[in-house]
Every structure is written in structure tokens, then in C-alpha cells.
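Presented below is the structure to which this report refers.
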Protein chains: 4
Amino acid sequence: MTALTFAAAQTIVATAHDHARTQNLKPLAFVVLDAGGHLVAAGREDGATFFRTEIAKAKATCALGMGVDTAVTAERAKGNPTFYAGIVTTLGGDVVFSPGGVLIHDADGVVIGAVGVSGDTGEADAACANVGIKAAGLIGSN
Amino acid sequence: MTALTFAAAQTIVATAHDHARTQNLKPLAFVVLDAGGHLVAAGREDGATFFRTEIAKAKATCALGMGVDTAVTAERAKGNPTFYAGIVTTLGGDVVFSPGGVLIHDADGVVIGAVGVSGDTGEADAACANVGIKAAGLIGSN
Amino acid sequence: MTALTFAAAQTIVATAHDHARTQNLKPLAFVVLDAGGHLVAAGREDGATFFRTEIAKAKATCALGMGVDTAVTAERAKGNPTFYAGIVTTLGGDVVFSPGGVLIHDADGVVIGAVGVSGDTGEADAACANVGIKAAGLIGSN
Amino acid sequence: MTALTFAAAQTIVATAHDHARTQNLKPLAFVVLDAGGHLVAAGREDGATFFRTEIAKAKATCALGMGVDTAVTAERAKGNPTFYAGIVTTLGGDVVFSPGGVLIHDADGVVIGAVGVSGDTGEADAACANVGIKAAGLIGSN
């Protein structure tokens with residue numbers, strides 16, 4: 001298992017930020033967590049409101065804790081709303097059922113962390129996460 | 001009232017684990033609580049993500065606090081979603097409305113604890129709990 | 001980095017328990033966490049009160065989060081009580097400045113988890129943790 | 001009042017990191033907050049344990065909320081330990097009485113944020129914060 005390094009996490013934030021500005025996305029927050037759910041890097045763009053960081057962190061934590069990207073959990077939640085609404089409280093709010101929480105895998109496919117992005121549509125958020133992960137030489141959801 | 005012993009709780013975890021591996025279930029977490037809702041034993045299988053333990057514990061607590069297995073509460077929640085969504089918050093998140101939280105009874109039918117299992121389908125989770133409870137010479141939901 | 005397996009964690013709990021009974025220690029609780037601070041195994045002996053599990057978990061978390069066994073932090077806290085009293089709250093109560101939280105290292109010296117034990121003296125608690133870690137083929141504090 | 005930009009905050013983290021490595025300090029965590037106490041950037045170096053980020057964040061919050069660097073509060077706490085131990089709880093743990101929380105001022109002397117650093121001695125932590133703030137064209141505590 002490869003450790004998620006400080007350098008890789010900083011590359012993820014910087015590259016996701018560059019991609020967001022190229023695409024003229026709304027202001028975003030980025031949070032990169034290690035496999036244990038602990039912060040390695042984070043950044044909040046100019047104009048992104050302060051809840052964005054919390055939502056980005058919860059997306060990344062949700063991906064790690066559930067073992068799948070939040071795009072998947074978001075779909076599952078549609079079919080079982082009472083259960084999914086409840087476990088938000090059970091899990092202390094550390095989950096967000098919207099795309100933008102993307103698992104980071106090493107070359108062997110082992111999960112070594114997750115990126116959470118919040119601010120634009122869930123799909124655009126997830127795309128930024130994947131661009132950042134790829135730039136760091138790691139593997140996201142595509 | 002028979003106390004739920006350390007030995008019985010360890011047997012429940014070990015046997016539920018063996019059953020899960022024989023059945024090729026997804027990686028599971030197991031939590032065994034006493035009648036007061038306090039942990040006696042717990043285990044998280046290789047590959048089970050870290051939310052699994054939280055969900056398993058909430059299932060066991062839910063069974064004790066509601067007085068019925070979570071399979072029953074899950075059915076009730078379907079008919080009254082607003083009430084059930086709300087009491088998750090009222091109860092501090094210590095409830096999960098999905099099968100896999102199973103009451104443990106002694107030979108006299110007295111509730112002496114509960115097992116929570118999370119990771120596969122609710123039905124498969126509950127089956128593991130019952131196999132473990134039976135192996136410890138105690139009585140679950142069947 | 002070696003992962004801390006379910007099997008190793010169960011061995012740690014079982015062996016620490018056997019050692020405690022051989023030594024006629026007071027009733028103990030054992031908590032084994034992975035490198036990210038998440039539960040892999042836990043057990044509470046007959047007669048151990050329910051706070052013991054919480055204290056054992058906080059000892060293990062403290063060792064991981066501080067990067068040293070709690071025997072070391074306990075010594076440091078004596079010389080700087082205001083700072084150490086305060087960070088208990090800062091860290092959400094997930095620290096205990098008393099021996100019994102012991103880091104688990106793999107053969108390369110990498111920290112892969114921690115054991116927390118609570119119930120007897122801090123020194124006796126830590127000895128149980130080390131006996132368990134050694135029995136699992138891993139490296140504790142001696 | 002100048003806003004604390006994403007670019008400035010990233011510069012602070014990157015420069016503080018470079019300084020720490022040049023000085024061979026212990027592994028550090030860095031947290032940069034805006035004037036409202038909300039995260040703009042953060043990073044945790046390889047080998048820094050996960051509590052470091054929490055402590056760095058609390059140092060930065062403490063500087064903002066008290067209106068002085070934590071080096072000053074740390075001195076004050078020595079003379080009034082009961083008061084300072086108590087307000088940690090009053091303030092939800094968002095304070096740490098150790099150097100390493102440094103206010104960020106713009107050219108007019110207005111406080112626009114704070115940096116928290118944790119991992120080495122408080123004095124070394126604070127020095128890293130000041131190097132980063134200066135590199136961003138802003139004014140720290142010297």
C-alpha cells in the first residue's frame with residue numbers, strides 16, 4: 001500500500017483548482033484525506049463560502065467510510081431515503097450523498113485516500129477531483 | 001437474568017465471522033452490546049470500511065432501545081418515514097432502520113444484549129448475528 | 001506497510017485477556033485500532049465497567065494521534081498541565097494521559113495501529129497490550 | 001481590508017513546508033484561516049500524526065478569537081491556569097495555549113486571518129508560520 005503523500009495531496013488541490021478555473025466553475029473547496037479519513041491537504045477558492053469546506057470534507061469521508069464514490073451512494077440513497085437520511089446522524093454528519101467524493105487508489109487498486117470537492121454541480125465537482133488525482137499519478141474513478 | 005459474558009461475546013464475533021467467510025459475504029463489522037447498550041466485543045473484518053463499525057453498533061443499540069430487532073423497525077419505518085427520520089436525531093444517531101440488529105435472549109427469554117452486523121444485505125447481516133448468538137448457547141430471533 | 005488484520009487484532013485481545021487473568025489483574029477492556037484510529041477489535045472482560053472501553057479507546061487514539069505511547073505523553077503532561085488539560089477538549093476527549101496506550105509497529109517499524117487497555121494500573125494495562133502485540137507477531141514498546 | 005486569498009494561503013503552506021524541511025523540523029501540520037476563522041488552506045506533512053492538524057487549527061482559531069498570537073496567550077495562561085483551563089471547554093476546544101498560532105495582517109495592520117502550525121516546539125512552529133506569511137507579502141508577528 002502506497003501512502004498518500006503531502007506532495008501528492010498538494011498536487012491534487014493545485015490541479016483541481018487550475019481545472020476549475022479553466023472551466024469557469026463556481027468557486028470550490030477541495031479536501032484530500034488519507035485512508036484513515038484524516039486531512040492531508042485542503043484549499044478553498046476565493047468566493048467559495050465557508051460551508052463548502054465542510055461539505056467537501058464530508059464527501060471525501062463518505063467515500064472512504066462507505067467504500068464507494070459518493071456518486072454511487074447518491075444513487076443508492078434515492079431508493080432508500082429513510083435509511084440514508086438516518087445514517088447521516090448516525091455517522092455524525094460525515095456523509096454527503098452527492099457526487100464529488102472520489103476514492104484515490106494506488107497502482108495496485110488499493111484505496112489510499114479520497115478527495116472531496118464542493119461548489120459547482122456534483123458532476124463538475126467529481127470531474128475536478130479526478131483531474132487532480134490523475135495529475136498526482138494516482139487512480140480515481142475513471 | 002444471565003449476564004452476557006466476555007466469552008460468549010467473543011464466541012459470537014468469531015462464529016459470525018466464520019459464517020460470513022463460509023458464505024463469501026462482503027466484509028463485515030460485528031458489535032456485541034450488553035443489556036445496558038455497552039460494548040462487550042467487536043471486530044471489523046479485513047476490507048470492511050470504518051463506517052461499518054458505527055452502523056453495526058447503531059443497529060445493536062437500536063434493537064435494545066426499541067425492544068425489537070431492527071428488521072421489525074425497518075418495516076415500521078416504511079409506513080411512517082417522517083417520524084422515524086426525526087427520532088434518529090432525537091436518539092443521537094444510535095438507531096439504524098435496516099435488518100442486522102438482533103436481540104440476545106437467555107434461556108428464560110430475557111433480553112441480555114444485542115448484536116449488530118453491517119456490510120452485506122441487512123438479511124445476510126442478521127443471519128450472521130443469529131448464527132453467532134446460537135453458537136454461544138443463547139437465543140436470537142429464530 | 002503491513003495492514004493490521006482482523007486476525008491479528010483478535011489475537012491481541014485474546015492474548016491480553018489470557019495474560020490479565022493469569023496475573024489476576026482487575027477486569028479490563030481492550031481496544032485495537034488501525035493506523036487511522038478506527039476499531040478493528042475490542043473486548044470488555046466480565047466485571048469491567050462500561051467506561052473502561054471508552055478509556056481504552058482514548059488511550060489507543062492518543063498514542064496514534066500523538067505518535068508515542070501514552071506512557072510518554074503521561075510524563076510530558078506532568079510538566080505542562082495547562083496545555084495538556086486543554087487539548088483534551090481540543091481533541092474531543094480522544095486522549096488519556098496514562099500508560100496503557102501502546103503503538104503497534106510492523107517489522108519495518110511502521111506504525112500500523114495501537115492497543116488501548118484500561119482497568120488496572122497504567123503499567124499493568126500497558127504490559128497486557130505488549131503481550132498481546134507480541135503474540136500477534138508485531139512490535140509494541142518493548 | 002484585504003481578503004486572504006487562496007493563492008496567498010497556498011503560498012503560506014508551501015513556504016512554511018519548505019522552511020520546515022530546510023530546518024529539519026519534525027513533521028508539521030499547517031492550517032490557514034480567514035478572519036472569520038474558516039479554512040482557506042491546510043496541509044499535513046508526511047509523518048505528522050493526525051492530531052497535528054487539529055492542534056494547528058485550534059492555534060490559528062485561538063489567535064483570531066483572542067486577538068493575539070498564541071505565544072502571548074501561552075504566557076498569560078501560566079499566571080492564571082484555572083481560568084485558561086476552563087475556557088478551553090467554554091470555547092469548544094478551539095484554543096491551544098502554545099506558540100504557533102500567528103495572526104496575519106495586511107499592509108494597513110488589519111487582521112485578515114491566522115496561521116496555525118503544530119509538530120515541533122511552539123517557537124519553531126511559530127517561526128514557520130511567520131516565514132510563510134512574509135512570503136505571501138503579508139505581515140505576521142515580526
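The values are calculated or read from the model by the stated rules, or taken from the named source; none is laboratory data. As the structure is a computational prediction, the values presented were derived from the model and not from experiment. Neighbour counts run over all protein chains shown; Cβ positions are idealised from the backbone, glycine included. Remember, those area values only see protein heavy atoms, side chains included, never the ligands or the DNA or RNA. Shrake-Rupley method; radii C 1.70, N 1.55, O 1.52, S 1.80 Å.
Key figures
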read-out: Subset of the stretch C:69-78 [among the acidic types (Asp, Glu) and either crowded, with 18+ Cβ neighbours inside 10 Å or under 26 Å from C:Thr5 (Cα atoms) (or both)]; value: C:Asp69
read-out: Residue among B:Phe97, B:Phe51 that is touching a Cys at 6+ places or on another chain (Cβ under 8 Å) and within 16 Å of A:Tyr84 (Cα to Cα); value: B:Phe97
read-out: Out of D:Val96, D:Val40, sole residue that is under 30 Å from A:Thr2 (Cβ atoms), touching a residue at least 12 places away in the same chain (Cβ under 8 Å), facing another protein chain (nearest Cβ under 10 Å) and of a type in the set (A, V, I, L, M, F, W, C); value: D:Val40
read-out: Condition met for D:Val13 (touching a residue at least 24 places away in the same chain (Cβ under 8 Å) and either part of a helix (DSSP H, G or I) or facing another protein chain (nearest Cβ under 8 Å) (or both)); value: yes
read-out: Check on D:Val31, closer than 18 Å to C:Gly92 by Cβ and modelled with pLDDT under 95; value: no
read-out: Residue count for the stretch C:1-10, restricted to those that are out of contact with any Asp or Glu (no Cβ under 6 Å at 6 or more places or on another chain) and either at pLDDT below 95 or open to solvent by 50 Å² or more (accessible area, probe 1.4 Å) (or both); value: 3
read-out: Condition met for D:Lys26 (open to solvent by 40 Å² or more (accessible area, probe 1.4 Å) and assigned to a loop (DSSP other than H, G, I, E, B)); value: yes
read-out: Matching residues in the stretch D:53-68 - criterion: being open to solvent by less than 50 Å² (accessible area, probe 1.4 Å), closer than 20 Å to D:Val131 by Cβ and either charged (D, E, K, R) or facing another protein chain (nearest Cβ under 7 Å) (or both); value: D:Thr53, D:Ile55, D:Lys59
read-out: Matching option when the condition is touching a helix residue (DSSP H, G or I) at 6+ places or on another chain (Cβ under 7 Å) and either surrounded by 18 or more Cβ atoms within 10 Å (Cβ to Cβ) or in contact (Cβ under 8 Å) with a residue 12 or more places away in the chain (or both), among C:Ile112, C:Ile87; value: C:Ile87
read-out: Number of the condition not met by B:Gly92 [criteria: (1) at pLDDT 95 or above; (2) of a type outside the set (Val, Ile, Thr); (3) in contact with a helix residue (DSSP H, G or I) (Cβ under 8 Å, 6 or more places away or on another chain)]; value: (1)
read-out: B:Val31 being open to solvent by less than 50 Å² (accessible area, probe 1.4 Å), under 14 Å from the mean Cα position of the chain (by Cα) and within 14 Å of chain A (Cβ to nearest Cβ); value: yes
read-out: Hey, D:Gly37 part of a loop (DSSP other than H, G, I, E, B), crowded, with 16+ Cβ neighbours inside 10 Å and at positive phi or not; value: yes
read-out: Odd one out for C:Pro81 among (1) under 22 Å from D:Val88 (Cβ atoms); (2) of a type outside the set (Lys, Arg); (3) surrounded by 20 or more Cβ atoms within 10 Å (Cβ to Cβ); value: (3)
read-out: Filtered residue count, the stretch D:123-139, keeping only those that are open to solvent by less than 10 Å² (accessible area, probe 1.4 Å) and either without any contact (Cβ under 8 Å) to a residue 24 or more places away in the chain or not aliphatic (A, V, I, L, M) (or both); value: 3
read-out: Qualifying positions in the stretch A:90-109 - small (Gly, Ala, Ser) and crowded, with 19+ Cβ neighbours inside 10 Å; value: A:Ser98, A:Gly100, A:Gly101
read-out: Which numbered condition C:Lys57 misses (of (1) in contact with a helix residue (DSSP H, G or I) (Cβ under 9 Å, 6 or more places away or on another chain); (2) on the phi < 0 side of the Ramachandran plot); value: (1)
read-out: Residue that is modelled with the lowest pLDDT [pool: residues in the stretch C:43-52 that are open to solvent by 30 Å² or more (accessible area, probe 1.4 Å) and at the interface with another protein chain (Cβ under 8 Å from one of its Cβ atoms)]; value: C:Phe50
